[in-house]
Amino acid sequence: MENHLISVLIPFKNTADFLPECLDSILAQNYQNWEVIAVDDHSTDSSRSILDKYSSYDPRFRVYSNDGKGIISALRKAFSLSKGAFLTRMDSDDIMISNKLEIMVSSLEKYGEGHIAVGGVRYFSERGISNGYERYEKWLNELTAKGTNYSEIYKECVIPSPCWMVFRKDLEESGAFNSDRYPEDYDLTFRFYEQGLKCIPCRNILHLWRDYDWRTSRTSEHYAQNYFLHIKLHYFLKLHHDPTKPLAVWGAGNKGKSIAKDLKNRNIPFYWLCDNPQKIGKNIYGVEMKHFNHLLHLEMPQSIVTVANGEAQEMIVNYLSDLNQAAMVDYFFFC
C-alpha cells in the first residue's frame with residue numbers, strides 16, 4: 001500500500017501562527033510514505049525557522065527558498081524538486097484529516113491514470129464562517145461526492161487547491177505550474193478538465209480549510225473577481241465556443257459588463273440580453289441591450305449567463321430547457 005511516494009508541495013509565506021498545526025497534521029497521516037517540498041516565498045516572520053526545525057528532525061521535510069516571487073514561482077520550484085509518483089498541494093495554514101493521503105492514493109491506485117482524487121472540505125475560523133463560505137462549501141462538497149465537479153466549472157473553482165492528488169504523468173501533461181495565469185488553482189482546474197482527467201467521487205471530509213482576514217485569497221489582487229472572469233472567458237473561448245453560432249451574454253451587472261468589454265476587445269460579436277426595462281434598448285460599449293426573448297430569433301445560439309440571483313438562474317435554466325438547450329453545450333453560467 002505504501003510503495004508509492006507522495007510529494008506534498010507547500011508554498012508558504014508568513015504563516016508562522018498556523019504552520020505547526022499544518023505540519024503536525026501531515027506527520028499524523030495514516031499513510032507515511034510522503035515527502036514535503038516546502039518553498040519559502042520570502043517570509044518575514046518565523047515561518048522559515050519553523051520549517052527548518054521540522055526538517056532537522058524529519059528528513060521528509062525539505063525546505064527551499066523561492067527564486068522568484070509569488071505562489072506560482074514557488075510551486076514550480078517545489079514541483080521541479082519533487083520525486084513522488086503522486087503529487088498533491090497543501091496550504092501552509094490548513095489542516096489535513098489523518099486519512100487524507102491514504103484515501104486519495106487508494107482512489108488513484110484503484111482508478112489509475114487519467115483520474116484526479118478529490119475530497120470534501122470544511123471551512124473553519126476563530127470568528128466563524130460566513131454564509132457565503134457555507135454555501136460554497138456545501139456546493140463544492142455536493143459536486144465532489146458525485147464526482148461531477150466539472151459540470152459547474154464556469155461558476156467557481158470546483159477543485160480546491162489543497163485537496164487534490166494526481167499521478168505525476170497527468171500533472172505534467174496538464175501543464176503542471178507552467179502557466180502564469182492567476183488564480184493559479186482555478187487555471188489548473190481548467191487544465192485538468194481540458195486534459196480529460198476524471199474526478200473520483202469522494203464523500204469524506206479530507207481537508208480543513210482555514211479562513212482569516214489576511215489570507216492570500218482575500219488580500220492579493222490576483223484573486224479579485226476580474227481575474228476569475230478572465231480565466232472563465234479564456235477557457236470558454238478555447239474549449240467550448242463555436243464561432244459559427246451566435247453568442248449571447250445574459251446580464252447587465254458588473255460581471256456582464258466585464259465579459260462584454262472583454263469580448264469587444266477581442267472583436268468577438270455578441271448579443272447582449274437582459275430583462276431590465278430600464279436597460280433594454282440602451283447602447284453600452286456600442287452594443288444594444290435586448291430583451292432575452294431575442295434569443296428566439298437566433299439560430300442555435302450559445303449563451304454566457306452572468307446573472308447571480310438564484311431565482312433568476314432557475315428561471316433562465318427553465319427557459320433554456322424549453323428551447324432544448326443543454327448546459328455546458330449551449331449555455332454556461334459564469335456565476
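The values are calculated or read from the model by the stated rules, or taken from the named source; none is laboratory data. Remember, predicted model here, so these are calculated numbers, not experimental data. We place every Cβ from the backbone using ideal geometry, glycine too, and count neighbours over all the protein chains shown.
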Fill in the blank from the handout: (1) surrounded by 17 or more Cβ atoms within 10 Å (Cβ to Cβ); (2) in contact (Cβ under 8 Å) with a residue 24 or more places away in the chain all hold for Lys290 apart from (2)
Practice task
Determine whether Ser92 is in contact with a Leu (Cβ under 8 Å, 6 or more places away or on another chain), buried (at least 21 other Cβ atoms within 10 Å of the Cβ), within 30 Å of Arg203 (Cβ to Cβ) and hydroxyl-bearing (Ser, Thr, Tyr).
Solution key: yes
Handout entry: Filter result (modelled with pLDDT under 95, in a helix (DSSP H, G or I) and under 21 Å from Leu9 (Cα atoms)) within the stretch 185-219
Key = Thr216, Ser217
Handout entry: Matching residues, the stretch 286-335, being in contact with a helix residue (DSSP H, G or I) (Cβ under 8 Å, 6 or more places away or on another chain), under 20 Å from Tyr193 (Cα atoms) and among the β-branched types (Val, Ile, Thr)
Key = Ile304
Problem - Filtered residues of the stretch 165-202 (kept if over 21 Å from His4 (Cα atoms) and among the aliphatic types (A, V, I, L, M)) - result: Leu188
Exercise for the section: Report yes if some residue within the stretch 9-30 is of a type in the set (Val, Ile, Thr) and closer than 12 Å to Arg62 by Cβ; otherwise report no. Expected result: yes
Problem - helices (runs of 4 or more DSSP H) fully within the stretch 55-146 counting 2 or more residues that are charged (D, E, K, R), under 18 Å from Ile10 (Cα atoms) and assigned by TED's automatic domain parsing to the domain that holds Arg210 - result: 71-81
Exercise for the section: Mind telling me which of the residues Gln278, Gln313, Gln325 ends up being touching a strand residue (DSSP E or B) at 6+ places or on another chain (Cβ under 6 Å) and either farther than 13 Å from Gly256 by Cα or without any contact (Cβ under 8 Å) to a residue 40 or more places away in the chain (or both)? Expected result: Gln325
